[in-house]
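Report on the following structure.
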Protein chains: 2
Amino acid sequence: MERRRVYLPEKEIPRQWYNIQADMPTPMQPPLHPVTQKPVSPEDLLPIFPMNLIEQEMSTERWIDIPEEILEKLLLWRPTPLHRAYSLEKHLKTPAKIYYKNESVSPAGSHKPNTAIAQAYYNKVAGIERLTTETGAGQWGCALSLGCSLFGIELKVYMVRVSFEQKPYRQLMMKTWGAECVSSPTRETEFGRKILEEDPDTPGSLGIAISEAIEDAVTSKNTKYSLGSVLNHVMLHQTIIGLEAQKQMAMLGEYPDVVIGCVGGGSNFSGISFPFVRDKIHGKDVQIIGVEPVACPTLTRGPFAYDFGDSAASTPLLPMFTLGHNFIPKSIHAGGLRYHGLSPLLSRLVLDNLIEARAYNQLQTYGAGLTFARTESLICAPETNHAIAAVIEEAEKAREEGRSKVILFNLSGHGLMDLSGYDSFLAGKLTDYSLSEEEMKESLKVLESLPQATK
Amino acid sequence: MERRRVYLPEKEIPRQWYNIQADMPTPMQPPLHPVTQKPVSPEDLLPIFPMNLIEQEMSTERWIDIPEEILEKLLLWRPTPLHRAYSLEKHLKTPAKIYYKNESVSPAGSHKPNTAIAQAYYNKVAGIERLTTETGAGQWGCALSLGCSLFGIELKVYMVRVSFEQKPYRQLMMKTWGAECVSSPTRETEFGRKILEEDPDTPGSLGIAISEAIEDAVTSKNTKYSLGSVLNHVMLHQTIIGLEAQKQMAMLGEYPDVVIGCVGGGSNFSGISFPFVRDKIHGKDVQIIGVEPVACPTLTRGPFAYDFGDSAASTPLLPMFTLGHNFIPKSIHAGGLRYHGLSPLLSRLVLDNLIEARAYNQLQTYGAGLTFARTESLICAPETNHAIAAVIEEAEKAREEGRSKVILFNLSGHGLMDLSGYDSFLAGKLTDYSLSEEEMKESLKVLESLPQATK
C-alpha cells in the first residue's frame, strides 16, 4: 500500500523553535522608532508587547525552548500530518512527488494557532488580562480567540471590513471561543473615525485594522497588542511547521527539491521554509518559493525600504519589501495576503537570493484550488491556493522535463469558511486585478520621506 | 508526556466491514413492499438502488471485503485519530478517561464520507451515471458530493429547507465538489409541489426530501437514489469507525466501559458501536448509549412499528422505532437528528437491551459543545454535542461515584458550518422543544393502518 500520510509521534514534537536570526548571512537592520527614527529599544515596545515577547523579537539565539505549557496546548492537534498528494500527482500525470504539510487540521483551521497559543501564554505569564489584534480573512482572529480562550485572556479583534462582510462565520467562530469581533474601520478609535470620514465605503485593510488595535491597546487598561505575522517572534513560533516537516521527510528518506508556500505577512511561509533556508545557507541545494497575489505584489514589485507596519504610521519602521503603508489592495478573497508589507527576516532572505518570489492571479489560484479539492478532496483556503498554483506549475514543468522532483508545500489552512469565493469563481464572477505603474508610483510616494534601508 | 492521540498505521486500516446481521440475537423482520405489504425482493429495490448494494443490504455474511478502489479513497483521511480528552477531563475534575474517535477530520467534516465513497463506487461499477439524495444539516449532501466527485458521477441533492437557509455554506461546499443542491420541498417534483400547496411555509423534513429524491431517481435516466443513513448497508460501511477504534483502544491497552454516540438515522452511532455490540453479545460488559434530541424522541418515546422511511410512503415499510412518517420535528439546529425513524438494525438492538437510549434538550447540548470547544478546542457539530452532553453527564457521575471509568464517544463531525446555532445560543435566543402527548398521538396515527411489527 502506498503511504499517504506521515504522523510524527507526539514525543517527537520539536521542543525548541528555530531562530533564523542566528544564521542570517547579512545582518538585520534595526527597526526604527516611528518618531525619532532611531533604532527602537526594548522599552520603546513595552506599550504594545510584554517584555518576554520583546526579548524573543530581538534574540539572536539559534534555538529557543518551547515552554511546557505551550507544548501542552499545541499537542491538542500537533504534530500535524505530512501528506503525499498521490491523487493530484496522478491527475497531473507528473513524475514529481508532491508532499504537503497539513496545517488545516488545527482547531482554527490554519497554521495561525502556532503563534497564537504562544503569544497568549507569554502575555498571560506577564500578567496581561486583555489583548487586541487585527485580522484579515479571519484566520488569525480565530486563532488568537482560541489561544486566549485556552489561557483565559479577554480579546477584541478588529476585522478588515471586506472580510468581515464576506466571511460571517469567522466572527461566529471567534465568538464561540469567547472573543469580541468588530468590523474595521470602527467608530470606536480615533484612527478608525478618521478613515471613515475620508472614505465611508472603504473596504478596510490590514494596515488600518492594525492601527486601530494598537490604539486600543495603548489606551486601555492592562491590555497589549498581538500581531499574527510580520514580526520576528511570530516567524520563530511558526518554525515548528518546518521542523516537523523535516523530521517527517526524513522518516520517508526524502528531502525536497522545492519548498513552496503562500506569502502575506510571511508567517506560514517562514514556518515551513526557514529550517530549509538554514540547510541552504549551509550548502544544501533546495529551491524555496514564496507565492503572492498579483493584486498585492509586495515581493515581486515592491521596493525594499523602511516602512511602517500600519496605515496610521504608529508602528516602528521596519526594513522590508513594501507597497507603501497606505496601500489598500483590491478586494481579492485571499484576505490573508492583502498586506502592504512583509516580514523583515523574509525580506532579507529574498534580497540575499535564498528565497525567490512569484505572483499569481486570483483566477489561476481558484482553478488550482478546485483541482486540488476534486482530486485530494480537501477544500483549501484561497491563500493556500496560491501555493497550490505554484505546485501545479512545478509539477507540470517536471512532467515536461521528464524528471522526478520532490515538491513540498504548506497547506496553510482549509477554505470551509471561505466558500463564497469558490462560489463566485464557479459562477464566473471573479476577476483578476493588477496594479498599474502609476498606482505603484502613487502608493510608494509615502516612502520618500522615510529613512532608506540598505540592500 | 501524556499521549493525546493514537494514529492507526495506514496498513492497519480495516479491510472488511463488520455486518452485525450475522450476530443479531433476534432475527430481523423483513422490509415490506409499500403497496403489497409483502416482504420485498431484491428486484423490488432495483428502481432505486444498484444490485450490488441491494445484495449488501440483505447479506448476513459477518465480514464483507472493502474493495481496493474504496480503500484508496478512504485513505485520503482514514484511519482517523483517536484522541484522549485530557483538557475536558481536567475541566470536569473527573477520574474518568474520555476518548473520542475524531471523524471530523474527513474532507467533508463528518463520518458520512465512509458510506458516500462506498455508495458512489458501487453505483459507478454498476454503470450508474447520476445519483439523487436528500440531506438534513448538509453533512450527508457534502459527503456524497465528495464521493461523486472522486468517482465522476453527477449528483442532485435535496436539502431540507430549514437547513438550506440556516447553513448556506453547505450548499457552496457541495457546489465546489460539483454537485447541484436545491431547497426541499421543490417545485420540481410532484410530491414537492403537493407539500408546498398544503403548507408554503413548511420548514421541510428529511422524510419529504427523501420522497423528492426517490421520485427524481425513478423518473430519470440511468439515475439511482442514495441514502446516507437508516439502511443496513449504510450501517455496514460505517463500522470501519468502531473497528478502527477497537484497534486503537487495544494499542493503549484500554477497553471502554461506555460507548456513546448521537442518533439521527443511526449511522455514526452504529459505526462506532456495532463492533462493541458484537463483543457485548459475546459476554463483554460494556454500556452502549445512543443520544437523541428531546425534540425528536424516536428511540425514547416512539413505538417500534412498521413504517415508511419517507413522507410520501414510497419506500419499503421498515420495522423500526418511529414517530410516524409525517412527523416534522421542530427546527432545532441538529438537522441531522431531525428524522422520524431509525435504522432497523439499531432498533432491534435497542429492543434486545443491547443498546440504551437517552434524550437531551438543545440548550444542554450547546452548553456541552461550548465546554468542549473551550477546553478541547474543537467546535463540534450540534449533532455531536448531543453525544458530548451524555459524555459530560457520565464523567460527572464517575466523579460523584469516585470511580474511574473509560468513556469512548464518536466525534461525528465539526461544527464550522453550523456556527449560527452557537451564535443564537450565546445570544440567549435558542429554545428547547418537547413533544406533548397529544402531538405524539396525532403523529402516530399514520401507523394504525400499517402492518404490525413484532417486538
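The values are calculated or read from the model by the stated rules, or taken from the named source; none is laboratory data. As the structure is a prediction and not an experimental result, all values here were calculated from the model. Note that we place each Cβ from the backbone using ideal geometry, even for glycine, and neighbour counts take in every protein chain shown. Each accessible area value is taken on the protein alone, full model and side chains, heavy atoms only, with ligands, DNA and RNA left out. Shrake-Rupley method; radii C 1.70, N 1.55, O 1.52, S 1.80 Å.
Annotations for the structure displayed:
- Residue in the range B:100-111 that is more than 10 Å from chain A (Cβ to nearest Cβ) and aliphatic (A, V, I, L, M) present: no
- Members of the range A:273-284 that are out of contact with any strand residue (DSSP E or B) (no Cβ under 9 Å at 6 or more places or on another chain) and closer than 23 Å to A:ALA359 by Cα: none
- The sole residue among B:ALA373, B:ALA398 that is within 14 Å of chain A (Cβ to nearest Cβ) and crowded, with 21+ Cβ neighbours inside 10 Å is B:ALA373.
- The single condition among (1) aromatic (Phe, Trp, Tyr); (2) open to solvent by 10 Å² or more (accessible area, probe 1.4 Å); (3) under 22 Å from B:GLY109 (Cα atoms) that A:PHE151 does not meet is (3).
Let's see how each residue does on (1) under 23 Å from B:GLY138 (Cβ atoms); (2) at pLDDT 95 or above; (3) away from chain B (no Cβ under 14 Å):
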position	(1), (2), (3)
A:LEU363	no, yes, yes
A:ALA368	no, yes, no
A:ALA387	no, yes, yes
A:ILE392	no, yes, yes
A:MET417	yes, no, no
A:ASP423	yes, no, no
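- For the criterion of being over 22 Å from A:ASN268 (Cα atoms), part of a helix (DSSP H, G or I) and modelled with pLDDT of 95 or more, A:SER149 passes.
- Residue in the range B:26-46 that is touching a helix residue (DSSP H, G or I) at 6+ places or on another chain (Cβ under 6 Å), farther than 23 Å from B:TYR306 by Cβ and away from chain A (no Cβ under 14 Å) present: no
- B:PRO168 meets the stated requirement of being at pLDDT below 95 and over 20 Å from the mean Cα position of the chain (by Cα).
- Of everything listed in (1) touching a residue at least 60 places away in the same chain (Cβ under 8 Å); (2) among the β-branched types (Val, Ile, Thr); (3) surrounded by fewer than 22 Cβ atoms within 10 Å (Cβ to Cβ); (4) not in a loop (DSSP other than H, G, I, E, B), the single unmet condition for B:VAL182 is (1).
- Restricting attention to the range B:32-53, the residues that are on the phi < 0 side of the Ramachandran plot and open to solvent by 50 Å² or more (accessible area, probe 1.4 Å) total 9.
- Screening the range A:154-169 for residues that are of a type in the set (D, E, K, R) and part of a helix (DSSP H, G or I) and picking the one that is least open to solvent (accessible area, probe 1.4 Å) gives A:ARG161.
- Residues being buried (at least 24 other Cβ atoms within 10 Å of the Cβ), part of a loop (DSSP other than H, G, I, E, B) and hydrophobic (A, V, I, L, M, F, W, C) are entirely absent from the range A:271-288.
- Looking only at the range A:10-25, and only at residues there that are within 14 Å of chain B (Cβ to nearest Cβ) and free of Cβ contacts under 8 Å to residues at least 60 places away in the same chain, the one that is least open to solvent (accessible area, probe 1.4 Å): A:ARG15
- Selection status of B:TYR433, over 23 Å from B:LYS97 (Cβ atoms), surrounded by fewer than 20 Cβ atoms within 10 Å (Cβ to Cβ) and not hydrophobic (A, V, I, L, M, F, W, C): yes
- Selection of the range B:44-71 for residues being free of Cβ contacts under 8 Å to residues at least 40 places away in the same chain and closer than 25 Å to B:TYR225 by Cβ yields B:LEU46, B:ILE54, B:GLU55.
- Of the set (1) in a loop (DSSP other than H, G, I, E, B); (2) within 29 Å of B:TYR366 (Cα to Cα), all apply to B:THR315 but (2).
- In the range B:252-286, residue nearest to B:ILE70 (Cα to Cα) [restricted to those that are of a type in the set (Gly, Ala, Ser) and out of contact with any helix residue (DSSP H, G or I) (no Cβ under 9 Å at 6 or more places or on another chain)]: B:GLY253
- Filter result for A:LEU8 (within 24 Å of A:LYS280 (Cβ to Cβ) and either modelled with pLDDT under 95 or of a type in the set (A, V, I, L, M) (or both)): yes
- Look at (1) open to solvent by less than 30 Å² (accessible area, probe 1.4 Å); (2) touching a helix residue (DSSP H, G or I) at 6+ places or on another chain (Cβ under 9 Å) and you find that B:MET249 fails only one, number (2).
- Residues (aliphatic (A, V, I, L, M) and surrounded by fewer than 23 Cβ atoms within 10 Å (Cβ to Cβ)) located in the range A:252-269: A:LEU252, A:VAL258
- B:ALA359 touching a helix residue (DSSP H, G or I) at 6+ places or on another chain (Cβ under 8 Å), within 22 Å of B:SER412 (Cβ to Cβ), open to solvent by less than 20 Å² (accessible area, probe 1.4 Å) and of a type in the set (A, V, I, L, M): no
- Close Cβ contacts (under 8 Å, 6 or more residues apart or on different chains) running from residues in the range B:272-289 that are of a type in the set (Ser, Thr, Tyr) to residues that are open to solvent by less than 10 Å² (accessible area, probe 1.4 Å) and in a helix (DSSP H, G or I) comprise B:SER273/B:GLY242.
- If only residues of the range A:152-168 that are in contact (Cβ under 8 Å) with a residue 40 or more places away in the chain and within 14 Å of another protein chain (Cβ to nearest Cβ) are counted, the one that is farthest from A:ASN123 (Cα to Cα) is A:GLN166.
- Considering only residues in the range A:82-115 that are over 27 Å from B:ALA373 (Cβ atoms) and in a helix (DSSP H, G or I), the one that is most open to solvent (accessible area, probe 1.4 Å) turns out to be A:LYS90.
- Hey, B:GLY415 more than 30 Å from B:GLN248 (Cα to Cα), open to solvent by less than 40 Å² (accessible area, probe 1.4 Å) and in contact (Cβ under 8 Å) with a residue 12 or more places away in the chain or not: no
- Sole residue being open to solvent by 40 Å² or more (accessible area, probe 1.4 Å), assigned to a helix (DSSP H, G or I), over 19 Å from A:MET320 (Cβ atoms) and within 14 Å of chain B (Cβ to nearest Cβ), chosen from A:LYS175, A:LYS194: A:LYS175
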